[in-house]
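Shown below is the structure under consideration.
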């Protein structure tokens with residue numbers, strides 16, 4: 001009986017991220033619209049868009065291979081699994097032993113791999129430009145992300161997110177410079193990974209400046225819906241991840257009972273809204289950087305992660 | 001090497017009041033003029049086909065005088081100016097498409113406006129059925145690890161159509177080749193045989209964002225040809241309209257350039273100001289873009305007392321709001337990082353091509369039709385000309401910022417000294433063939449209108465040259481060595497007209 005309850009809870013978590021993800025995207029868009037004196041579409045618009053895209057027929061290029069057709073599902077599956085591994089409102093869920101930090105990085109890496117291949121599959125020049133830029137960003141973002149993982153895991157003594165969150169909630173954390181560095185690095189990586197300003201512009205119509213959008217230009221119908229959903233899931237993943245590690249308030253253990261879980265859910269929603277609004281403010285207050293500046297930007301994240309890791313060793317040996 | 005022929009150089013105040021005296025030159029003299037142009041002693045203002053040959057408008061910066069010269073074609077051919085002076089090449093290609101003239105020794109004989117999709121060939125020369133055309137040959141590119149990125153003609157944004165063929169090495173642009181002509185409307189053909197009223201309407205539709213400047217240039221040409229005395233009030237009203245148009249476009253550009261660096265805040269704020277200008281224009285003159293308000297002889301819409309105070313309120317509002325946006329631009333490091341040093345145009349090229357407007361003035365070409373080839377009402381007000389030497393996107397943004405401030409000042413001056421009186425003098429045909437030249441500073445630069453009228457007062461030939469003719473080729477030069485992702489920024493900082501260019 002307990003197993004069924006636990007499985008149910010895990011199911012709720014998986015379902016929750018899927019349901020909330022488009023809402024978070026809608027919220028960011030709405031907030032950006034308000035900040036630029038526009039009325040903006042409803043927060044629910046991304047749901048409507050997904051529904052509309054699911055109804056539409058898929059237009060495939062004549063030379064599209066199986067890879068092009070399979071990729072959207074691979075991408076959404078990998079991202080969804082990764083997103084549902086991140087603790088949102090509860091820790092110690094049934095599958096939390098799989099919720100390994102490095103596994104999440106690997107899952108997102110796989111999604112990126114498929115997306116970049118799909119971008120090049122049809123052979124349009126924009127897809128190629130997008131893929132090559134995406135891989136450049138990935139080449140800088142992934143090491144930075146791993147160093148953040150190392151820092152956090154060394155502090156918490158585990159790469160399992162459930163344990164990390166439990167440790168962060170305990171008094172054993174204290175004030176750590178390394179964690180502050182990891183936070184900054186993780187925010188930078190999150191911006192780059194989610195194709196947000198200043199690295200990429202999710203709202204642009206300029207083909208020549210696109211990164212993520214350039215790769216998916218050839219997609220339509222349900223394929224595009226899958227990719228849009230995956231992008232929303234990824235954004236939610238990073239907001240949830242930053243929230244879970246650095247603001248672990250309200251995340252209860254699985255056996256905490258209904259009230260605890262409900263409180264955890266409310267806290268999670270507050271974190272999502274807060275993260276979404278902060279992102280909107282950031283995106284309206286800076287311009288996009290030159291493509292080659294991205295390397296410096298992510299290099300900063302890499303160095304911060306590295307410094308955080310090194311500082312841990314230094315402070316320990318003293 | 002023959003000596004350059006003697007031309008009739010005319011001062012601004014003369015050619016604006018009187019029919020233009022064309023200097024006919026022999027083919028050898030024509031070639032010598034090409035050499036003179038290539039040496040940079042004089043500037044090319046325009047080149048167009050006009051039976052029985054080709055005509056060319058020239059500007060002498062030293063004396064601030066203008067000449068129009070003509071060469072007769074022999075067996076359907078004239079010597080090419082483009083062979084020695086590259087800025088003339090596209091004008092010659094367009095003239096060849098429209099009339100079937102051949103330009104001897106032209107370095108680039110490919111068609112330009114004619115994409116092989118017209119029903120008729122050479123529309124200005126009778127217009128026989130179009131024989132068809134081989135596929136357009138883009139310039140060949142050879143080299144290691146180069147790839148091509150074709151963009152357009154249909155773009156993702158709501159902008160005009162034009163094709164850009166990039167050759168890139170990684171992210172770095174090795175060459176950009178433009179292909180234009182997708183918005184050819186046949187205006188020059190429609191002009192032939194039209195009466196003045198119809199001609200003024202057509203002129204106002206050459207390029208929608210410069211409709212005031214085009215209508216004014218056409219009106220100037222007609223008024224000079226027919227020696228019409230335009231009432232003073234009409235001049236001032238034209239000036240106010242033209243400066244309002246400049247304001248609206250510069251404000252729009254300012255926001256749009258920043259938006260191309262993903263700084264949407266500026267677009268939002270600048271668009272509000274632009275919209276306020278357009279609404280004020282609509283309230284005062286009855287049309288948001290003030291189309292068909294300038295006609296030969298004067299203007300068709302008068303400014304009421306309420307209109308004048310409406311405009312003053314608008315100016316106050318922009319004076320209040322605009323500096324905040326300028327500060328925001330100047331203090332946003334991430335934005336300046338994109339604009340400073342991007343898309344550098346050398347002063348040499350700007351001078352060679354006679355680049356008008358913010359493109360030229362940001363690269364040290366100190367020229368403004370309002371000051372250097374003065375016309376009413378700018379001879380009665382204080383005209384300031386902005387200038388920078390850096391030649392990058394940032395400089396072009398700053399020229400616009402300065403010109404917004406100058407336009408505010410100009411409108412205030414004109415409102416303060418607005419004379420009373422009639423606003424329109426009816427044009428009367430004089431029963432003989434006449435030609436006139438109009439030169440007006442639009443927001444992009446100098447717009448040239450050449451008008452030949454027949455004895456009935458109908459239009460025999462009208463050629464309107466957009467400033468973009470000399471800016472589009474510079475865009476190709478500017479993007480070289482920049483990264484592909486910076487093209488939209490460079491392009492928007494030029495903001496050349498497709499419609500005005502394709503005619």
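The values are calculated or read from the model by the stated rules, or taken from the named source; none is laboratory data. Since this is a predicted model, take the numbers as computed values, not measurements. Positions of Cβ are generated from backbone atoms using ideal geometry, with glycine treated the same way; all protein chains shown enter the neighbour counts.
Please find, among A:48, A:52, A:29, the residue that is within 14 Å of another protein chain (Cβ to nearest Cβ), farther than 28 Å from residue A:3 by Cα and at pLDDT 95 or above.
Going through A:48, A:52, A:29 in turn, the sole match is A:29.
Among the residues in the stretch B:350-363, are any within 14 Å of another protein chain (Cβ to nearest Cβ), more than 30 Å from residue B:426 (Cα to Cα) and in contact with a helix residue (DSSP H, G or I) (Cβ under 9 Å, 6 or more places away or on another chain)?
For the stretch B:350-363, residues within 14 Å of another protein chain (Cβ to nearest Cβ), more than 30 Å from residue B:426 (Cα to Cα) and in contact with a helix residue (DSSP H, G or I) (Cβ under 9 Å, 6 or more places away or on another chain): absent.
Let me ask something else about it. Among the listed residues A:297, A:249, identify the single one that is surrounded by fewer than 16 Cβ atoms within 10 Å (Cβ to Cβ) and touching a helix residue (DSSP H, G or I) at 6+ places or on another chain (Cβ under 8 Å). Walk me through it before giving the result.
On the way: A:297 fails: surrounded by fewer than 16 Cβ atoms within 10 Å (Cβ to Cβ).
Testing whether each residue is surrounded by fewer than 16 Cβ atoms within 10 Å (Cβ to Cβ) and touching a helix residue (DSSP H, G or I) at 6+ places or on another chain (Cβ under 8 Å) leaves just A:249.
State whether one or more residues within the stretch B:295-305 are in a helix (DSSP H, G or I) and over 27 Å from residue B:194 (Cβ atoms).
yes
While we're here: Could you run through the stretch B:8-47 and say how many residues are assigned to a strand (DSSP E or B) and within 21 Å of residue B:223 (Cα to Cα)?
So the first thing to find is which residues in the stretch B:8-47 are assigned to a strand (DSSP E or B), and the list is B:10-11, B:23-24, B:43-47.
Okay, now just the ones that are also within 21 Å of residue B:223 (Cα to Cα), so B:10-11, B:23, B:45-46.
Summing the residues that are assigned to a strand (DSSP E or B) and within 21 Å of residue B:223 (Cα to Cα) in the stretch B:8-47 gives 5.
Ok, one more. Any residue at all in the stretch B:132-141 that is buried (at least 17 other Cβ atoms within 10 Å of the Cβ), at pLDDT below 95 and away from chain A (no Cβ under 14 Å)?
For the stretch B:132-141, residues buried (at least 17 other Cβ atoms within 10 Å of the Cβ), at pLDDT below 95 and away from chain A (no Cβ under 14 Å): absent.
Return the total of residues in the stretch B:265-277 being facing chain A (nearest Cβ under 8 Å) and either more than 23 Å from residue B:242 (Cα to Cα) or surrounded by 24 or more Cβ atoms within 10 Å (Cβ to Cβ) (or both). Talk me through it step by step, then tell me what you get.
The initial filter retains those residues of the stretch B:265-277 that are facing chain A (nearest Cβ under 8 Å), namely B:265, B:267-269, B:272.
Now restrict to residues that are either more than 23 Å from residue B:242 (Cα to Cα) or surrounded by 24 or more Cβ atoms within 10 Å (Cβ to Cβ) (or both): B:265, B:268.
Matching residues across the stretch B:265-277 total 2.
Continuing with this model, one more query. If we only count helices (runs of 4 or more DSSP H) wholly inside the stretch B:433-503, which ones have 2 or more residues that are more than 11 Å from the chain's Cα centre (by Cα)? Talk me through it step by step, then tell me what you get.
Numbers: elements: B:472-479, B:487-494, B:499-502.
Of the helices (runs of 4 or more DSSP H) lying wholly inside the stretch B:433-503, those with at least 2 residues that are more than 11 Å from the chain's Cα centre (by Cα) span B:472-479, B:487-494.
Looking at (1) in contact with a strand residue (DSSP E or B) (Cβ under 8 Å, 6 or more places away or on another chain); (2) assigned to a helix (DSSP H, G or I); (3) more than 14 Å from chain A (Cβ to nearest Cβ), can you tell me which one residue B:413 breaks?
(1)
Right, next: Please report, ordered by residue number, the strands (runs of 3 or more DSSP E) entirely within the stretch B:138-204 with at least 3 residues that are more than 18 Å from the chain's Cα centre (by Cα) and in contact (Cβ under 8 Å) with a residue 40 or more places away in the chain.
Here the list reads B:163-169, B:172-179.
Could you check residue B:330 against (1) more than 14 Å from chain A (Cβ to nearest Cβ); (2) without any contact (Cβ under 8 Å) to a residue 24 or more places away in the chain; (3) over 30 Å from residue B:235 (Cα atoms) and say which number it fails?
It fails just one condition, (1).
Another question, if that's okay. From the list A:266, A:273, A:281, which one is within 14 Å of chain B (Cβ to nearest Cβ), part of a helix (DSSP H, G or I) and modelled with pLDDT of 90 or more? Spell out how you get there, then give the answer.
Details: A:266 fails: within 14 Å of chain B (Cβ to nearest Cβ); A:273 fails: within 14 Å of chain B (Cβ to nearest Cβ).
The unique qualifying residue is A:281.
I'd like the residue in the stretch B:67-81 that is assigned to a strand (DSSP E or B) and in contact with a helix residue (DSSP H, G or I) (Cβ under 6 Å, 6 or more places away or on another chain) and, out of all such residues, is farthest from residue B:6 (Cα to Cα). Lay out the reasoning, then the answer.
Narrowing the stretch B:67-81 to residues assigned to a strand (DSSP E or B): B:67-72, B:74, B:77-79.
From what is left, the residues that are in contact with a helix residue (DSSP H, G or I) (Cβ under 6 Å, 6 or more places away or on another chain) are B:71, B:79.
Numbers: B:71: 13, B:79: 18 Å.
So, considering only residues that are assigned to a strand (DSSP E or B) and in contact with a helix residue (DSSP H, G or I) (Cβ under 6 Å, 6 or more places away or on another chain), the one farthest from residue B:6 (Cα to Cα) is B:79.
Shifting gears a bit: Could you check the stretch B:453-503 and list, in sequence order, the residues that are within 28 Å of residue B:147 (Cα to Cα), in contact with a strand residue (DSSP E or B) (Cβ under 7 Å, 6 or more places away or on another chain) and more than 14 Å from chain A (Cβ to nearest Cβ)?
B:472, B:476, B:480
Does any residue of the stretch B:207-225 turn out to be at pLDDT below 95, in a loop (DSSP other than H, G, I, E, B) and away from chain A (no Cβ under 14 Å)?
yes
A further question follows. Taking the stretch A:196-250 as the search range and keeping residues that are within 14 Å of another protein chain (Cβ to nearest Cβ) and in a helix (DSSP H, G or I), which one is farthest from residue A:44 (Cα to Cα)?
Out of the qualifying residues, it is A:208.
For the stretch A:1-16, which positions are modelled with pLDDT under 85 and closer than 8 Å to residue A:84 by Cα?
None - no residue of the stretch A:1-16 is modelled with pLDDT under 85 and closer than 8 Å to residue A:84 by Cα, so the list stays empty.
Another question about this same structure. Within the stretch B:225-240, track down each residue that is touching a strand residue (DSSP E or B) at 6+ places or on another chain (Cβ under 7 Å) and surrounded by 24 or more Cβ atoms within 10 Å (Cβ to Cβ).
Let us first name the residues in the stretch B:225-240 that are touching a strand residue (DSSP E or B) at 6+ places or on another chain (Cβ under 7 Å), namely B:225-226, B:230-231, B:234, B:237-238.
Selection gives B:225, B:234, B:237, B:238.
Now, a different point. Consider residue B:262 against the criteria (1) within 14 Å of another protein chain (Cβ to nearest Cβ); (2) on the phi < 0 side of the Ramachandran plot; (3) surrounded by 24 or more Cβ atoms within 10 Å (Cβ to Cβ): it satisfies all of them except one. Which criterion is unmet?
(2)
Can you name the condition, by its number, that residue A:195 falls short on among (1) buried (at least 19 other Cβ atoms within 10 Å of the Cβ); (2) farther than 18 Å from residue A:129 by Cα; (3) touching a helix residue (DSSP H, G or I) at 6+ places or on another chain (Cβ under 6 Å); (4) at pLDDT 90 or above?
Status for residue A:195: all satisfied but (2).
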